[in-house]
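The values are calculated or read from the model by the stated rules, or taken from the named source; none is laboratory data. Remember, it's a predicted structure, so these values are computed and weren't measured experimentally. Cβ sites come from the backbone with ideal geometry, for glycine too, and all protein chains shown count toward neighbours.
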Amino acid sequence: MYKIFLMAAFMGCLLPGVLAICEPNCKGKKPGDKVEDPKDCKRYYICMSGEVPSDVSVPCDPGNIFDPHLEVCSPGDTCMASCVPPNCHLTCTEQVDLISDPFDCSVYWMCLAGQVVGDSKRCESDAPYFNGKFCVQDKSQCCSELCTPYCYKDVYQIPDPTNCTAFYICEKEGVPSEAYHFSCKNNEIFDITLGRCTPDAQCRPLCDDGTGNIEPPEPNTSSTTTTTNNPGGCKDTMICISSGFFAQCTTCQPGYFDCKGAGQQGTLHMCPNGKVFNTNPSAPFCLPPESCPFDP
């Protein structure tokens, strides 16, 4: 039956070495040399001593692009960034479609008429990774470079990877311009699957903002047993009211429930590395105890 759905046409492959080509490379360069910004061909980095690039890239003057061979900005308005992140299909774009779960490479979702329908599906153990089209054995085909905002074909709004209340408008394929970086209105959250801001979406940034304060839960590495510990407003079990992640306790504790759909029994997990689960349902994440509760 699912073969019908698998006929939806879209790319789900990854480029080898994408992580390496998406970082500025000053290897073999002298202090003061310039190298391209792999994510924006109209910007460049300045190499410092120790073959270390500058902390941020520098823009060329308007109407110029960076020539990586001459290492100078030159007149032009058309160029191609060397970093092309893998085509992670996260937004429903077809009448009948499949999309990846950015937080679990073994999970995928079905779309009908631009909306996610039903519960998530999980790849079988003989082909445990979803590549955007099929379940495969190759883990390297999982989505990566999620910290890089990137506009793919037929997607017109994309999430800010570090801020679930912000988004980019896509005027063309490639890295979006900061001029098209906006915030959702009325405290709404950007729904990645729908490609727009909604009042009832869950706040789940694709990427940590560098502070280390927020991380999505890691359900595949946690315990699946229930607990009998009740202090702190904790509950032993949960019948889910919808899919998503829900705090086990009313205070900041490590436990949270992973819900696959309404009416199902939630699976209890524990946040890793001494973290606790946020008690604010609008931001269901594991985070350091000192940052809890977190209000997006």
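Restricting the first member to the range 262-287 and to residues that are assigned by TED's automatic domain parsing to the domain that holds MET238 and surrounded by 14 or more Cβ atoms within 10 Å (Cβ to Cβ), and the second to residues that are part of a loop (DSSP other than H, G, I, E, B) and of a type in the set (Gly, Ala, Ser), the beta-carbon pairs closer than 8 Å and six or more apart or on different chains are LEU268/SER223; HIS269/SER222; HIS269/SER223; MET270/SER222; MET270/SER223; CYS271/SER222. Close contacts from the range 129-142, counting a first residue that is over 10 Å from SER106 (Cβ atoms) and a second that is assigned to a helix (DSSP H, G or I), with Cβ to Cβ under 6 Å and a gap of 6+ residues or different chains, come to ASN131/GLN141. Looking at CYS259, CYS234, just one residue is at pLDDT 80 or above and either over 21 Å from PRO289 (Cα atoms) or crowded, with 19+ Cβ neighbours inside 10 Å (or both), and that residue is CYS259.
Listed conditions (1) at pLDDT below 90; (2) in a loop (DSSP other than H, G, I, E, B) are all met by LEU194, apart from (1).
Of all residues in the range 109-130, those that are farther than 12 Å from ILE99 by Cβ and polar (S, T, N, Q) total 1.
If you take the residues in the range 141-192 that are of a type in the set (S, T, N, Q), crowded, with 16+ Cβ neighbours inside 10 Å and farther than 27 Å from CYS123 by Cβ, which one is nearest to the chain's Cα centre (by Cα)? This residue is THR162. With respect to being buried (at least 19 other Cβ atoms within 10 Å of the Cβ) and either out of contact with any Pro (no Cβ under 8 Å at 6 or more places or on another chain) or not assigned by TED's automatic domain parsing to the domain that holds GLN157 (or both), PRO62 falls outside the description. Residue check: is LYS133 part of a loop (DSSP other than H, G, I, E, B), under 22 Å from GLU94 (Cα atoms) and assigned by TED's automatic domain parsing to the domain that holds LYS121? So LYS133 passes the test.
Here LEU14 fulfils each of the conditions (1) among the hydrophobic types (A, V, I, L, M, F, W, C); (2) modelled with pLDDT of 90 or more; (3) buried (at least 17 other Cβ atoms within 10 Å of the Cβ) apart from (2).
The set of residues in the range 65-85 being part of a strand (DSSP E or B), exposed (fewer than 14 other Cβ atoms within 10 Å of the Cβ) and touching a residue at least 12 places away in the same chain (Cβ under 8 Å) consists of VAL72, PRO75.
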